[in-house]
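What follows is a structure written as C-alpha cells; I'll ask about it next.
The values are calculated or read from the model by the stated rules, or taken from the named source; none is laboratory data. Note that this is a predicted model, so its numbers are computed, not measured. Heads up, the Cβs are rebuilt from the backbone with ideal geometry, glycines too, and the neighbour counts pull from every protein chain shown. Just so you know, the surface numbers come from the protein's heavy atoms only, side chains and all, with ligands and any DNA or RNA stripped out. Shrake-Rupley method; radii C 1.70, N 1.55, O 1.52, S 1.80 Å.
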Amino acid sequence: MENNKTFTITFTKQNGESTTRRGKWTEKCQEFVAKAGHKCLTFLDLDATEEKGKEQYRMATDKITPWSIK
C-alpha cells in the first residue's frame, strides 16, 4: 500500500464482534504473518485518532475471519 492512502477496513475482533474502521497507511504500518500462521495488518485507526487526539494504531488479524479493505 502507498503512504498516506486512506481506506475502510472491516475485521472481526477477538471477542467475535465485527467492526469497520477508517484507516490510513503510514510508514509505521505493516502487513505480516504471525508465528502462529495468521495474517496481521497494523494500521492507523483514524476514528480512534480523532477521538483520542493522538495517533492510535490497531492490528487486524485473520484469526477469526479475513479482513476486507475498501
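According to the Kirkwood expression over distinct Cα-Cα pairs, how big is the hydrodynamic radius of the chain, in Å?
12.3 Å
How much net charge surrounds ALA48 when only other residues with a Cβ under 11 Å from its Cβ are counted (Lys, Arg +1; Asp, Glu -1)?
0
Then there's this: Could you pull out which residues in region 9-36 have an amide N less than 13 Å from a spot 7 Å beyond the Cα of ASP47, following the Cα-Cβ vector?
Counting only backbone N, you get 9-13, 17-24.
If you take every residue apart from PHE7 with its C-beta less than 11 Å away from the C-beta of PHE7, what net charge results, scoring Lys and Arg +1 and Asp and Glu -1?
Summing Lys and Arg as +1 and Asp and Glu as -1 gives +4.
In addition: Quote the relative contact order of the chain in percent (integer), defining contacts as alpha-carbon pairs under 8 Å separated by 6+ residues.
34 percent
Can you check what the net charge comes to around GLU27, using other residues whose Cβ is under 15 Å from the Cβ of GLU27 (Lys, Arg +1; Asp, Glu -1)?
That sum, taken over residues with Cβ under 15 Å, equals 0.
Would you work out which of ASN4, THR49, GLN30 lies farthest towards the positive end of the dipole of region 3-57, given +1 charges on the beta-carbon of Lys and Arg and -1 on that of Asp and Glu, about the Cα centre?
Result: GLN30.
Now for a separate question. How many Å² of accessible area per residue for the chain, probe 1.4 Å?
Details: 4740 Å² over 70 residues.
Here the per-residue accessible area is 68 Å².
Among the listed pairs LYS13/LYS54; LYS24/LYS63; LYS5/LYS28, which have their C-alpha atoms separated by more than 19 angstrom in this model?
LYS13/LYS54; LYS24/LYS63
Turning to a different aspect of this structure: ³J(HN,Hα) across region 38-48 via Karplus (A = 6.51, B = -1.76, C = 1.60, θ = phi - 60°), whole Hz, x for Gly/Pro?
9, 6, 10, 9, 9, 9, 7, 7, 5, 5, 5
So which aspartates and glutamates pass the test for LYS35, namely a Cα distance under 20 Å, with those fewer than 8 places away in the same chain ruled out?
Leaving aside aspartates and glutamates fewer than 8 places away in the same chain, those within reach of LYS35 are ASP62.
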